Amino acid sequence: MEQYVIRGGIPLIGEVEIGGAKNAALAILAAAVMCDEPVVIDNIPDIRDISVLLSAIQEIGAGVERLGKHTVKITGKTIKTVRVDHDSIKKIRASYYLLGALLGKYRKAEVPLPGGCNIGIRAIDQHKKGFEALGAVVKIEHGMIIADTDSLRGCHLYFDMVSVGATINVMLAAALAEGNTILENAAKEPHVVDVANFLNSMGANIKGAGTDVIRIKGVRALHGTEYSIIPDQIEAGTFMVAAAATKGDVVVRNVIPKHLEAISAKLSEIGCQITEEDDAVRVFGNNELKHTQIKTLPYPGFPTDMQPQMTVTLALSKGTSIVTETIVDNRCKYVDELAKMGATIKVEGNTAIVDGIRKLTGAEVSAPDLRAGAALVIAGLAADGYTVIDDIQYIERGYEGFDEKLRQLGAQIERVTCEKDIQRFKLKIC
Ligand code: EPU
């Protein structure tokens, strides 16, 4: 079993380079099969969820050629089946983007019900509603979602809730539908805009992405393109918060500062100094951080994917902070693990009441999911003594070279596989 071992208490100092956005890349790779010509996509993060999706794309017959660590060429012309039955695809949430992509192109798709992080019930009713509004019949049978139609027709759809996944998925199918589609109450996240830009670079006609009304004029076919994915807002935010929690000084490079404003604003509110350059943000942690209130909201609000990491920082900030999770149920499971490190956090429903303390202490903890896992790493970096984190496969789903990037900032962290490795690490850094 892979684990991280950390000796904490060292401020992170230096510069870190952020990779491409996981959640944009997953949608864009699925969308790349929508044309027959080759599509070259750059700035793809080299992480497990991406490899799983690429294997599934290859399995249905598309050409997948790695041109470099972060570049892939996809050719949709050779697709043989619209049934995506790759076993590991069930483990990732973004498998559902193949539904929108294949339905748009072939008017039929079969994809296993999505998996992904265990962070509560994550329905897909809005995806279904959107495909049905476009004229597809959508059934769930034997664990598969099956969407089928003779013709996809543009529609006027009002989402009942703001959903990133449903907005992107319906946008994919509508790009190749007949006629015009209007999506209201659409998600505005940066990766929704990135997917729309990508589709437009393939010849789609999508306007308004980034606002809550997206207008799509269906086109008959899409063509090949070359595209580079935007930087990962959440990877960047994670390093910003790690700088704050360890009272360090980190320049987070290759970012779009606008995408990070909700995070920068909260860090500044609790006492960090934040400076922005064109494509970088510097976070200078203060010795005495103070409490605040946070409510997760759709973009441009505070992102749910930054909630656990920020809560760790608040656990080390003076006073009582209130963190309310409004997007995802059951995203406070990591609190029990943090309690082992001395954090005083009470969870009532979807609200965490965080009483700040001066120091966390290292302990053996388990990553319950991707972002909570990253939060536990931040806790370990800030804590006195040694922390061992189990189940880091969750963390590796979404962060490329996490331990390596942290080491470059001066962290004492190593990826280990047995007790002997942990002892060796302790001897090495003594
Ligand atoms: N929801 C419904 N019905 C739907 C769709 C969503 O009830 O048809 C609910 C979900 O249950 C959830 C909320 O709406 O409670 C938000 O769901 P959304 O569709 O916005 O999220 P998602 O597409 O399932 C993506 C990211 C998540 C991120 C959320 C919110 C991917 C692959 N996943 O999930 O990323 O938390 O948006 O921003 O893009 C992560 O990266 O760690 C991660 C979990």
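Brief remarks on what is shown
- Counting only strands (runs of 3 or more DSSP E) that sit wholly inside segment 335-388, not one has at least 3 residues that are in contact with a Leu (Cβ under 9 Å, 6 or more places away or on another chain).
- Pair list, Cβ under 7 Å, 6 or more apart: segment 132-160 residue free of Cβ contacts under 8 Å to residues at least 24 places away in the same chain and away from the ligand (no atom under 16 Å from the Cβ), other residue in a strand (DSSP E or B) and of a type in the set (D, E): V137/D148
- Among residues of segment 322-350 that are touching a residue at least 60 places away in the same chain (Cβ under 8 Å) and under 15 Å from T296 (Cβ atoms), those with a beta-carbon under 8 Å from a residue that is basic (K, R) and assigned to a loop (DSSP other than H, G, I, E, B) at least six positions away or on a different chain give the pairs V328/R122.
- Assessment of segment 310-326 against the conditions (surrounded by fewer than 19 Cβ atoms within 10 Å (Cβ to Cβ), in a strand (DSSP E or B) and within 15 Å of the ligand (Cβ to nearest atom)) yields at least one matching residue.
- Condition check for S317 on (1) out of contact with any Leu (no Cβ under 7 Å at 6 or more places or on another chain); (2) of a type in the set (S, T, Y); (3) closer than 18 Å to I10 by Cα: one failure, at (1).
- Residue within segment 348-363 that is within 14 Å of the ligand (Cβ to nearest atom), more than 28 Å from E17 (Cα to Cα) and not assigned by TED's automatic domain parsing to the domain that holds T211 present: yes
- I234 falls short on exactly one of the conditions (1) away from the ligand (no atom under 16 Å from the Cβ); (2) in a helix (DSSP H, G or I), and that condition is (1).
- Number of residues in segment 84-108 that are at negative phi and free of Cβ contacts under 8 Å to residues at least 60 places away in the same chain equals 11.
- For segment 92-119, a residue qualifies if it is more than 12 Å from the ligand (Cβ to nearest atom) and of a type in the set (D, E, K, R), and the qualifying residues are K105, R107, K108, E110.
- Among residues of segment 294-319 that are touching a residue at least 60 places away in the same chain (Cβ under 8 Å), those with a beta-carbon under 6 Å from a residue that is part of a helix (DSSP H, G or I) and among the charged types (D, E, K, R) at least six positions away or on a different chain give the pairs D305/R371; P308/R371.
- Scanning segment 218-263 for residues that are closer than 16 Å to N23 by Cα and β-branched (V, I, T) yields I229, I230, I234, T238, V255, I256.
- Put simply, of L99, L103 the only residue that is over 25 Å from I47 (Cα atoms) and among the aliphatic types (A, V, I, L, M) is L103.
- Test result for L222, farther than 23 Å from Y399 by Cβ, within 16 Å of the ligand (Cβ to nearest atom) and either within 23 Å of the chain's Cα centre (by Cα) or at pLDDT 95 or above (or both): no
- Under the condition of being buried (at least 20 other Cβ atoms within 10 Å of the Cβ), within 18 Å of the chain's Cα centre (by Cα) and touching a residue at least 60 places away in the same chain (Cβ under 8 Å), the residues counted in segment 246-282 number 3.
- Residue match in segment 71-90 (condition: in a helix (DSSP H, G or I), within 16 Å of the ligand (Cβ to nearest atom) and under 24 Å from E404 (Cβ atoms)): no
- Scanning segment 164-186 for residues that are surrounded by fewer than 24 Cβ atoms within 10 Å (Cβ to Cβ) and either modelled with pLDDT under 95 or part of a loop (DSSP other than H, G, I, E, B) (or both) yields G179, N185.
- Where D85 falls short, out of the listed (1) crowded, with 17+ Cβ neighbours inside 10 Å; (2) of a type outside the set (S, T, N, Q); (3) over 23 Å from the mean Cα position of the chain (by Cα): (1)
- Candidates in segment 282-309 are the residues that are among the aliphatic types (A, V, I, L, M) and away from the ligand (no atom under 13 Å from the Cβ); of these, the one that is farthest from S268 (Cα to Cα) is I294.
- Some residue of segment 48-65 being buried (at least 24 other Cβ atoms within 10 Å of the Cβ) and in a strand (DSSP E or B): no
- Filter pass, V251 being out of contact with any Pro (no Cβ under 9 Å at 6 or more places or on another chain) and over 19 Å from I28 (Cβ atoms): yes
The values are calculated or read from the model by the stated rules, or taken from the named source; none is laboratory data. Treat the numbers as computed from the prediction; the structure is a model and nothing was measured. Using ideal geometry, Cβ is built from the backbone for each residue, glycine included, and neighbour counts are taken over all protein chains shown.
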